[in-house]
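The values are calculated or read from the model by the stated rules, or taken from the named source; none is laboratory data. As the structure is a prediction and not an experimental result, all values here were calculated from the model. A quick note on method: Cβ atoms are made from the backbone with ideal geometry, for glycine too, and the neighbour counts reach across all protein chains shown.
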Amino acid sequence: MLLFNKYTFNCRWQTEAEIPFFWGSVLRGALGRELRRVSCVLRTKSCPNCPIFNGCAYGYIFESDIIKELPGRGPVNARPHPFVFEPPFPPPKNTRKDDSFVFSITLIGKADEYLPHVAYSLIKAGEFGIGKGLKSGLGRFRLETICTSDGEALFDWRDGELKRASNIKQLCLSDTHEVGADKMQIEVRFMTPFRVKANGKYTRNVPFHILIRSALRRISSLEAAYYGQEPKLDYKGLVERAQHVRTVKEELKWQDLPRFSYRQRRWMTIGGPVGSVVYEGEIAEFLPILRYVQEVNAGKQTSFGLGRIEINASTLFK
């Protein structure tokens, strides 16, 4: 059972700004840049060789891809990042001085303890600026307030005091089925590109079993990395039963998003299907799984904000 909190950051432009279409990459890059400046004491070039790496906010939040082993799983490609951006999407059309914008960050497990580091880094990012035209003074903003997803106020720029959230939420899976009929319909809305591979290729369609496979991978890796063990689920059986759930309506389109990789020093394109799909079948046992990843996204590049889904399971029938 993982703990997490989702925080909403309300900001206001102090100058005009020029931001690429997908804000997730820009905001994530700005946070990483400033968090390293705030956290790094020894100014070493290589985080893994730093003697205080394990106690560093930047190292824990951003350098998680250097961890190659997870409890009970053996070698894996990477430990998942313990945060998820929810950038404004589609982005605001106006980025003029005094316009406001809002985004959210979900901090998972121990990462929640580093909220002060994240908040201060975003304040500094605002002073430095984001987007294009930084040398001309563009892209500067002020972090005005921070609140939880429940509306609890934690920070106001006028007094500068940051409070801790009074409650912390839990990511958990229920062993019991949802109350209702055996068969049901569910609509899944893919709010940002759902970037996942099937048979070695990025899929443009999302059959239910592909969605469940991705959700289970996301859940098992998060639980193993930040809770210490995977949930005891019938993974094989769940995937097999998911294959019997059929798609009754699909309205998806492929959307490419450009991003600049500061590590690779080049522009890249990340994309996937967005839109909605209606599924029909014996879906009740899958609802806890889908509600879990509704909080933490699924697929690739979740920390950028990709793979955000919303579910609507209001239509039940026998």
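Scan region 171-192 and tell me whether some residue there is of a type in the set (Phe, Trp, Tyr) and not assigned by TED's automatic domain parsing to the domain that holds residue 311. Within region 171-192, not a single residue is of a type in the set (Phe, Trp, Tyr) and not assigned by TED's automatic domain parsing to the domain that holds residue 311.
State yes or no: is residue 21 at pLDDT below 95 and of a type outside the set (Lys, Arg)?
Values: at pLDDT below 95: yes; of a type outside the set (Lys, Arg): yes.
Answer is yes for this residue.
From the list 143, 138, the lone residue that is surrounded by 18 or more Cβ atoms within 10 Å (Cβ to Cβ) and in a loop (DSSP other than H, G, I, E, B) is 138.
Taken over region 114-135, the criterion of being in a helix (DSSP H, G or I), at pLDDT 95 or above and not aliphatic (A, V, I, L, M) is satisfied by 114, 116, 117, 120, 121, 124, 126, 127, 128. Out of all the residues in region 292-301, which are at negative phi and at pLDDT below 95? Of everything in region 292-301, just one residue is at negative phi and at pLDDT below 95, namely 300. The residue that is modelled with the lowest pLDDT, counting only those in region 245-269 that are among the basic types (Lys, Arg) and surrounded by 11 or more Cβ atoms within 10 Å (Cβ to Cβ), is 259.
Every condition in (1) under 23 Å from residue 20 (Cα atoms); (2) modelled with pLDDT under 95; (3) of a type in the set (Gly, Ala, Ser) holds for residue 109 except the one numbered (1).
Within region 23-47, which residues are of a type in the set (Ser, Thr, Tyr) and under 23 Å from the mean Cα position of the chain (by Cα)?
Passing the criteria: 25, 39.
Checking 292, 279 one by one, the residue that is over 19 Å from the mean Cα position of the chain (by Cα) and in the same structural domain as residue 256 (by TED's automatic domain parsing) is 279 and no other.
Checked against the criterion of being at pLDDT below 95 and small (Gly, Ala, Ser), the candidates 225, 242, 215 yield just one match: 225.
When region 184-204 is filtered for residues that are polar (S, T, N, Q), out of contact with any Leu (no Cβ under 7 Å at 6 or more places or on another chain) and closer than 24 Å to residue 25 by Cα, only 203 remains.
Taking the conditions exactly as written (out of contact with any Cys (no Cβ under 8 Å at 6 or more places or on another chain), over 24 Å from residue 104 (Cα atoms) and aliphatic (A, V, I, L, M)), does residue 283 satisfy them or not? Taking the combined requirement at face value, the residue satisfies it. Looking only at residues in region 1-51 that are in a loop (DSSP other than H, G, I, E, B) and among the aromatic types (Phe, Trp, Tyr), the one that is farthest from residue 61 (Cα to Cα) is 21.
If the requirement is being under 19 Å from residue 88 (Cβ atoms) and in contact with a helix residue (DSSP H, G or I) (Cβ under 9 Å, 6 or more places away or on another chain), which of these qualifies: 151, 131?
Answer to the selection: 131.
Considering 195, 204, 218, 189, the condition of being touching a helix residue (DSSP H, G or I) at 6+ places or on another chain (Cβ under 6 Å), within 30 Å of residue 21 (Cβ to Cβ) and not aliphatic (A, V, I, L, M) is satisfied by 218 alone. In region 166-201, the residue that is surrounded by the fewest Cβ atoms within 10 Å (Cβ to Cβ) out of those that are modelled with pLDDT of 85 or more and among the small types (Gly, Ala, Ser) is 200.
In summary, residue 157 fulfils each of the numbered conditions (1) under 27 Å from residue 89 (Cα atoms); (2) of a type in the set (A, V, I, L, M, F, W, C); (3) modelled with pLDDT under 95 with the single exception of condition (3).
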